[in-house]
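Trainee: Okay, handing you the structure first.
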Amino acid sequence: MNARPLDALAPPVAVDPIPDILENALGFTQYVSPAYWLGVAVDTVFDFDPWQQISEAVAGDWESLQQAGLSLANISEFNSRFENVLNDGFGVLAESWAGEASDAARAYFGDLAQSVGGQSAAIASIGRQLQTLAVGMYEMSQVISSLVRSLVDNLIMLGIELAASGGLAVTGVGVPAAAIVGAAAYYQIYNILQMWQRIANCIDSAWNLAQTTVGLTAGHLGAVKSYPLKELPQAPFGGAGR
């Protein structure tokens, strides 16, 4: 007996691609980051996590996007089951029904089953694309948030080095040391610019991923439209032998 088509239409539930416990374990180096503790301090005082806000701004509502993908996967499964039910059900009915009406019904339900089944693969592909985009945007947001924290770390270090260089230069005696610290500050500036470029590249990659998904989805929608559902007959069959 075929599985019931309606059972495939379960409510979708978004799932965190990487559990928080695993993220914290993999990102243990954050605990030596000044920016991380700055975020903790801001969150403690103002109930506002700046790094989380950056992550959410980049990722958008990835959970709803993932749920949309899961919903389409369920619809695809519904179509596949419905196709099987139509084919098997009419096969049983045809054993005791013959005539012109039977032939017409067989043609109608055969076309309907083909249309429903044909849509299934395209709908499943759209669902996979949306789920891939949701996970990709989530992971990209985590990368960008981490890069921003690193950028802030480097800015803090640059501020310390510039202050130290200025202080040493004022003493006169510490001019050679000030030159060394100043050189380190220039290197820190180079790192900051490189970090900023990496953030910009990540944003470009996220945009390209979204654009690619839009293009692929449009193609799959065209495939869905190529299998239009058959309209129900508007009048009863009136031929002989029905």
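The values are calculated or read from the model by the stated rules, or taken from the named source; none is laboratory data. From a predicted model like this one, the values you see are computed outputs, not experimental measurements. Side chains are part of the model used for accessible areas, which takes the heavy atoms of the whole protein and leaves out ligands, DNA and RNA. Shrake-Rupley method; radii C 1.70, N 1.55, O 1.52, S 1.80 Å.
Trainee: Tabulate in residue order the Karplus-calculated ³J(HN,Hα) for region 80-92, using 6.51 cos²θ - 1.76 cosθ + 1.60 with θ = phi - 60°, rounded to whole Hz; enter x for Gly and Pro.
Mentor: Along region 80-92, the couplings run 4, 5, 5, 4, 5, 5, 4, 5, 5, x, 6, x, 5 Hz.
Trainee: According to the square roots a ≥ b ≥ c of the eigenvalues of the Cα gyration tensor, what is the shape class of region 43-172, taking rounded for a/c under 1.5, prolate for a/b larger than b/c otherwise, and oblate for the remainder?
Mentor: It comes out prolate by the Cα gyration axes.
Trainee: Which whole-number percentage describes the relative contact order of region 51-119, with Cα contacts under 8 Å and a sequence gap of 6 or more?
Mentor: 42 percent
Trainee: Heavy atoms only, 1.4 Å probe, whole protein assembly: order 46, 90 by accessible area, highest first.
Mentor: 46, 90
Trainee: So what J values fall out for region 146-161 if you push phi through Karplus, 6.51 cos²θ - 1.76 cosθ + 1.60 with θ = phi - 60°, rounded to Hz, Gly and Pro as x?
Mentor: 3J(HN,Hα) across region 146-161, in whole Hz: 5, 5, 5, 4, 5, 4, 5, 4, 5, 5, 5, 5, 5, x, 5, 5.
Trainee: Right, something else. Sort 62, 37, 97 by accessible area with a 1.4 Å probe, largest first.
Mentor: Per-residue accessible area, sorted high to low, gives 37, 97, 62.
Trainee: If I ignore ligands, DNA and RNA and count only protein heavy atoms, how much of residue 44 is accessible to a 1.4 Å probe, in Å² to the nearest 10?
Mentor: Accessible surface of residue 44 is approximately 110 Å².
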